[in-house]
Structure formats: C-alpha cells, structure tokens
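What follows is a set of notes on a single structure, which appears directly below.
The values are calculated or read from the model by the stated rules, or taken from the named source; none is laboratory data. Small disclaimer: the values here were computed from a predicted structure and weren't measured. Positions of Cβ are backbone-derived with ideal geometry, glycine not excepted, and every protein chain shown enters the neighbour counts. SASA here: full protein model, heavy atoms, side chains in, ligands and nucleic acids out. Shrake-Rupley method; radii C 1.70, N 1.55, O 1.52, S 1.80 Å.
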Amino acid sequence: MPHPPHVLVLGGTTEARRLAAALAARPGVRVTTSLAGRVSRPAALDGDVRVGGFGGPDGLADWLRENRVTALVDATHPFAATISAHAAQAARATGVPALALRRPGWRPGPGDDWHETASLEEAAALIPALGRRVFLTTGRLGLAAFAPYDALHFLVRSVEPPEPPLPRDVEILLDRGPYTVEGETALLRAHRVDVLVTKDSGGAATAAKLTAARDLALPVVIVRRPEPPPGVTVVADIEAVLVRLGLPGA
C-alpha cells in the first residue's frame, strides 16, 4: 500500500508558512516545515515542525528517506544559498521531487536610482560614493562587510540582534515588517538617511522602503539574489507549487 504524501517544506518565509497551511488543509497530506532556528519567536505553523540543521546534504538525504518524504519544497529566503544547494543535492541523491518557491524579485521603475551589486562586499565598497548616512536592511548576518567603513553612519534594521563584527558608528533598530510607505518615509527623514542598502528579497512586506527612497530621490544599493541550484524547478507562487504536487484547488 503506498504511503500518503509527505511534503517537507524548508521554511522561514511568509510563503513557507502559507504553503504549510495550504498543504495541511489537504486531506491525507502530511506536511513538515523545517526551520533553521535563527529566529527566536517564529510565527505559528500548520502541520509538523522541526528546528535545526540536518548535517549537510547527506544528513538531509537520510532524513528524507527515514521520514518517507514524497516531495521537497525549498521555500527558504532567496539568499539562503547553502541550504538551497544542500536541498538540491539531497533531492538528487534520493530521487525525491524538489521545487523552489521564490517570490519574484524587485525591479526598478521610473525615478528609481538603483545600483546593483553581486555581493555585500561590493555594496559596501560602493556606498562612500553615494552617501554618508546609510540605512542598512540586509539582515543580521554578513555585516562584517561594512565594518571597515568608519566614516559612515549605519542605521541597521533587523528582526533579531545583528551578529558582530559591526560598523563602529552603528544604530540598531529591531523591527519586523510589513512596513508602509508613510512609515518608511518618516524613518528615512528622521535619521537623515542619504543611501539605502538592501538585498533583492522581493515581495511586498518590505518593498515600501524602495518607494520611500524613490520619493525622496535617494540612491539604493541592491544586492542581487544568487541563482538557484542547477536543475531545480523554480515557481513563483503557492498555487504553482500545489499544481506541481498534484494538489491544486482548495
């Protein structure tokens, strides 16, 4: 007798939470969401939840086999390149079908002054030519790239306290989206920001800062997201995942 569907969702994003809810609502479908454990108070999730790493691609492959996973959905952050690579390797090793759920990236529009870079290091090197008061919204990891720039003032926003090393002149703002254009505009003005630095995370929850920067004629440095692992099918929304899994409709 075949085993019922068991979908492993690599989570940590709003899309992963919504996907878990959609899968859990399907009769006979088991869903397990795996979280890295970097956020101390994650939002509630439907279905089963596991927290922590797998021990690399081999450990993930073992988990897929032991738990009779029938499909793997990588719904991690677009910049979580390591776990995405491990997921692709584990899927190939086990023959488990795999998808990547990625919200569409941001695109500049009329009036935007965007400067795209391939890394945080490139972004940091570009800032001094653009401004001195920096609104840094690249997350709590990787801030070492900005630490050498003592002449700049950084306003760093993240959900959790950022990890050192940090820039010398830094102000930490702990907050979680979604944000509004009005709120972001007021924040930029209050802190006299003259350049915004962010990653191309995509989605609407944190996009208001881009509109605010455009309205205030501020330059924006954007770190491009990494390419997905070779051979992995990428879809842009939850319904597309459900169709691929043979579970469309409510």
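Couple of notes before you dig in:
Residue-wise test of (1) surrounded by 17 or more Cβ atoms within 10 Å (Cβ to Cβ); (2) part of a helix (DSSP H, G or I).
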position	(1), (2)
Ala91	yes, yes
Arg107	no, no
Ala123	yes, yes
Leu126	no, yes
Leu136	yes, no
Leu141	no, no
Asp150	no, no
Val156	yes, no
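- Of the residues making up region 219-245, those that are open to solvent by less than 60 Å² (accessible area, probe 1.4 Å) and more than 17 Å from Asp74 (Cα to Cα) number 5.
- Look at region 48-70: where a residue is farther than 17 Å from Gly95 by Cα and outside any loop (DSSP other than H, G, I, E, B) and a partner is among the hydrophobic types (A, V, I, L, M, F, W, C) and open to solvent by 60 Å² or more (accessible area, probe 1.4 Å), sitting 6+ places away or on another chain with Cβ atoms under 9 Å, you get Val51/Ala36.
- All positions within region 159-174 that are of a type in the set (Asp, Glu) and in contact with a strand residue (DSSP E or B) (Cβ under 6 Å, 6 or more places away or on another chain): Asp169, Glu171
- Any chance Leu210 is in a helix (DSSP H, G or I), in contact (Cβ under 8 Å) with a residue 40 or more places away in the chain and surrounded by fewer than 21 Cβ atoms within 10 Å (Cβ to Cβ): no
- Hey, Glu184 of a type outside the set (A, V, I, L, M) and either modelled with pLDDT of 95 or more or not in a loop (DSSP other than H, G, I, E, B) (or both) or not: yes
Every residue, every condition in (1) surrounded by 15 or more Cβ atoms within 10 Å (Cβ to Cβ); (2) over 30 Å from Arg189 (Cβ atoms), yes or no:
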residue: Phe79; (1), (2): yes, no
residue: Ala98; (1), (2): yes, yes
residue: Arg102; (1), (2): yes, yes
residue: Ser119; (1), (2): no, no
residue: Leu130; (1), (2): yes, no
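- Restricting attention to region 187-200, the residues that are open to solvent by 20 Å² or more (accessible area, probe 1.4 Å) and not in a loop (DSSP other than H, G, I, E, B) add up to 4.
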